[in-house]
Amino acid sequence: MYITLRDRPKTGRQATPRTKSRVSSVVVTLGVVSLMTDISSEAVAAILPLYVTAALGLTTIAYGFIDGLMQGASALVRIAGGWAADRGDHPKWVALVGYGLSMVTRAGLLVAAGFASITALVAIDRVGKGIRTAPRDAMITAASDPAHLGRSFGVHRTLDTIGAALGPLLAFVILWAIPDGYTTVFVLSLGCAVIGFALLALLVPDLRPRRRAAREPGEHPAGRPFSWRSVAEPRLRRLLIVSGALGLLTIGDGFVYLALQSRDGFATQWFPLLYVGTNVAYLALAIPVGRLSDRVGRARVLVLGHLALLAAYLCAGSATGMAGLTIAALVLLGVFYAATDGVLAALAGQLADTSVRAAAIGTAQTVVAVTRMIAAAAFGVLWYALGRSTAMLLVAALLAAAVPVCFLALRGLDPPRPAPEPEGGALA
Amino acid sequence: MTVRNRRVIGFVLVVLVVVVAAGAYGWSEYDRSRQARTTATDVDLVPADVTVTGERIVFRSTAPGDLYGRVATVAADDPGGPREVAPVACDRVDTTGDRTVCLRTDRGVVTTFEAALLDANWQPTRSWPLPGIPSRTRLSPDGALVATTSFVTGHSYMSTGFSTETVIHEIGGRDYGNIEEFDLLVDGEKIAPVDRNMWGVTFVDDTIFYATAQSQALGHTWLVRGDLEARTLSVVRDGVECPSLSPNGSRIAFKKDVDDGSGVHWSIAVLDLASGEETVLGEQRNVDDQVEWLDDDTILYGLPRDHEPGVTDVWAMPAAGGTPEVLIPEAWSPAVLRQ
């Protein structure tokens, strides 16, 4: 197999057995679970503003507000989901609760009548997403060969993002064929959620990362107990601080799209679809960039990925309005996500002790989510105080200063390549 | 049979049930929708060779059937009577007779939104894209200026929440751009709340207009008086949304949030500009529309029907208060053409 050969380190510093460098079937299955679930949630998210305004005859003001609040709640629930997964040593069960919760909200949408019930369902869906993310990423880590963790996350995020790109497309195709077919979109959404849930429940093994680690020589026979102190271990703490600092300079795609839209007719016309462009770039690049991170170091790729974000800011902040700049900005955002989203989970999973892995991944993701929210709020102030272009260029300048500092701060987090010790999971 | 095989079979069964059930539902919905859209509408139409002229009301027809969403015209003295249906569909419409602005949704694999200017024969003369779902539109009295408000529904990993974009164009001339960029003045002092949103323009003439400026952070929903030459928006008073100027220019009808708690319930109120006196009219239902004036004593607004998704009626109510009545059934976004 071509991929297998290419995956061998060129230097030959280590001889990875051929079978171990395949992506675990657990990772692929979890990726398909995420694909189905993302079709489910993104199909609804894409048409919800239209449904609320066109079918229910309401404005979207309150919706946007509540959505923002729930993004925050979702970020905090992640830590709890990770903690529960580590404590019980059954990450699959915790993930199943999260996926199940979202599935129930899809069924609820079929019978929901008013605006209040719809916002409540969207809120519960976000909580479900918060619960399942960290346990799922811990399962990906547990099922993967540590030397190829970046690639494993790349595979998972690619499948996940395919779902995120397909969902809105399917939803709009349905509305094209059936102009008032909102219920049909909800039925599609429920169907995909049920398939994703069934796939996880029936075909993903109940991995027990802590119990397996306990069998390794030198470990406590009952496995190391969960301790928050392990999450605050120095190297992890360094990752959290750097992620938080970079998160504070990540203002959100929304502002980049708005800046592009404010002066480019091309961006205005395709405004509702700009995020699809970002998603396509992301899904195309998640695997290659993940593999790159395995080769040159995950911390390095994580920090340097912010240079793509910086370039996207420059595209959005530049004074000329050209379709080419819009497309470049979308691709750069995709590069940024490919270099940061899965890679962050891989890095946190790699640094954390098995006993706290899900909690560590959840904490890292929460730090990033919360700091990005703060960044978005703060950037809103700059946006009006300085004007769109100046504000964008100022953040780009700050990011340009922060990247080298963060790069140095994370030096040494990328260990010399670890000996290949797959922690198991079914190897395809 | 191994446990694994049993599970695989179980999963395949789940997939089959889901695909068959969702497919069957989708097909029946497609069939129902196709029939609904191809069935000839039973609404009363004028004969094919007749044009409605004189004082008239132009609106979006929401009568189910093959003409759903089309722009229609009725005589002002027989608003519930037969309608003339134009060959264009719009979500929001305003007209001066020779010129019509139409905000519409282009459905497709990629759904986009646009504003179009139409001539007296409903032929497009100009169009430009909108960043989101159409919300409000108005022409200035002489038709020289057009204002459009649309939602900006960003969709990203981190949602930026709700915002609107309101732009004013001079037809065949200057583009005044997004009025969010104008200076917002409270008692002459310039302020710049970060989360300000503007919507619902109503023109006085080709320089002065009224609109809504909201900052949720500051907790204000202001009526602002805009000046296109000075590029300023001066705050007039608080608690006014979607203003609409009466034909004689003396009063403004608007949406007023009358909910005591944290919720939103819009009723209709009328403000006398000279005295500053505000009267909340007796509409108990929640109205989300920019009011239109039938004449100096009567206001018009749209309300969705309960239990009939997509169908709306245009209601009329005395501007001094009174009982609302349906003026045009199965209609939305009325624009009154006076002589």
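We did not get these values from a lab; they are worked out from the coordinates using the rules stated. What you see is a predicted model; the values in this text were computed from it and never measured. Every residue, glycine as well, gets a Cβ built from its backbone with ideal geometry; the counts of neighbours run over all protein chains shown.
Translational diffusion coefficient, Stokes-Einstein: compute it for the range A:230-417 using the Kirkwood radius over C-alpha pairs as Rh, at 37 °C and 0.692 mPa s, and state it as an integer in µm² s⁻¹.
For these conditions, the coefficient is 195 µm²/s.
So who's got an amide H within less than 5 Å of the one on B:His265, skipping anything under 5 residues away but keeping other chains? H placed 1.01 Å off N, in plane.
Here the answer is B:Val258, B:Asp259, since their amide H atoms fall under 5 Å of that of B:His265.
From the P(r) of the range B:60-194, could you give the percentage of C-alpha pairs in the tail past 19 Å?
The answer is 59 percent, as a whole percent.
So for chain B, taking the charge dipole from beta-carbon charges (+1 Lys/Arg, -1 Asp/Glu), which of B:Asn5, B:Leu327, B:Pro129 sits furthest toward the positive end?
B:Asn5
For chain B, what relative contact order do you get, as a whole percent, if you take Cα pairs closer than 8 Å and at least 6 residues apart?
This gives 12 percent for chain B.
Shape of the range B:66-136 from its Cα gyration tensor (a ≥ b ≥ c, root eigenvalues): rounded if a/c is under 1.5, otherwise prolate when a/b > b/c, or oblate?
Taking the square roots of the gyration eigenvalues as a ≥ b ≥ c, the range B:66-136 is prolate.
Using only Cα atoms, locate the centre of the range B:35-63 and the centre of the range A:93-166, then give the distance between them in Å, rounded to an integer.
48 Å
Using only the alpha-carbon atoms, what does the protein assembly as shown span along each of its principal axes? Please give whole angstrom values in decreasing order.
Here the spans come out as 92, 61, 47 Å, largest first.
Multiplying the sequence separation of B:Ala21 and B:Ala36 by 0.36 nm and subtracting their Cα-Cα distance, what value in nm do you get?
Working it through step by step, the gained length comes to 3.1 nm.
Using all Cα-Cα distances in chain B, what percent lands in each 10 angstrom bin from 0 up to the longest?
Cα pair-distance distribution for chain B, in percent: 5, 23, 31, 22, 10, 5, 3, 1, 0.
From the phi angles alone, apply the Karplus equation (6.51, -1.76, 1.60; θ = phi - 60°) to the range B:48-61 and give each ³J(HN,Hα) in whole Hz, x where the residue is Gly or Pro.
Karplus values, whole Hz, x for Gly and Pro: 4, 8, 9, 10, 7, 10, x, 5, 8, 10, 9, 7, 8, 7.
Within chain B, which cysteines find no other Cys whose Cβ is under 4.7 angstrom from their own?
By the Cβ distance rule, which asks for a partner under 4.7 Å, the isolated cysteines are B:Cys242.
Compare the Cα positions of B:Ala116, A:His90, A:Ile131 along the charge dipole of the protein assembly as shown (+1 at Cβ of Lys, Arg; -1 at Cβ of Asp, Glu; about the Cα centre) and return the one farthest towards the positive end.
A:His90
Please give the average number of partner chain Cβ atoms lying within 10 Å of the Cβ of each residue in A:274-284, rounded to a whole number.
1
Could you list the square roots of 5 times each eigenvalue of the Cα gyration tensor of the range A:23-208, that is, the equivalent ellipsoid semi-axes, sorted largest first and rounded to whole Å?
30, 18, 13
If you put +1 on each Lys and Arg Cβ and -1 on each Asp and Glu Cβ, how big is the dipole of the range B:91-242 around its Cα centre, in Debye rounded to 20?
380 debye
Would you tell me the mean number of C-beta atoms belonging to other protein chains that fall within 10 Å of each C-beta in A:250-256, as a whole number?
Going residue by residue through A:250-256 and averaging, the value is 5.
What percent do you get for the relative contact order of the range B:1-156 when only Cα pairs under 8 Å and 6+ apart count?
13 percent
Mind checking the angle between helix B:3-38 and chain B's longest principal axis? C-alpha axes, 0 to 90 degrees, to the nearest 10.
50 degrees
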